[in-house]
Amino acid sequence: MSESKSHKTAANRIAKKYGTEYNNRGKGADIVTDRVAIEVETPESVSDASRQLQGHKKRVYIAGTNKEAIEKALEVTKETTIGVMDNQGKIVKRSSRK
């Protein structure tokens, strides 16, 4: 599956905001720092995100590439410790992992 332009744009923008590089190798979270792990998702791929974020002992987020992806991410993370952010890196739902 090829990467969408909106995914790549959002991933690079958020990585820059967090002062790191976008991990586009496919394994693990898209953006990882000492304190957070972020998986950028389109509406079609939101359901895969929690699997990608498994095992991270830091705050974890799904970043939606658009409004639809954010709404889906909020739905799938309802009873979880996973947070949600928009494609600018603005937190919509805080991750409750410490």
Hits in the stretch 36-55 (condition: closer than 13 Å to residue 11 by Cβ and either touching a Phe, Trp or Tyr at 6+ places or on another chain (Cβ under 8 Å) or not small (Gly, Ala, Ser) (or both)): 37, 38, 39, 40, 41, 42, 52
Residues (in a loop (DSSP other than H, G, I, E, B) and within 18 Å of residue 87 (Cβ to Cβ)) located in the stretch 20-32: 20, 21, 22, 23, 24, 29, 30
Enumeration of residues in the stretch 45-73 that are surrounded by fewer than 17 Cβ atoms within 10 Å (Cβ to Cβ) and touching a Lys or Arg at 6+ places or on another chain (Cβ under 9 Å): 47, 57, 58
Count of the stretch 33-45 residues which are outside any strand (DSSP E or B) and either closer than 18 Å to residue 69 by Cβ or aliphatic (A, V, I, L, M) (or both): 4
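Since every read-out is calculated from the coordinates, none of them should be taken as a lab result. Note that the structure is a prediction, hence the values are computed from the model and not measured. Every residue, glycine among them, receives a Cβ derived from its backbone with ideal geometry; neighbour counts consider all protein chains shown.
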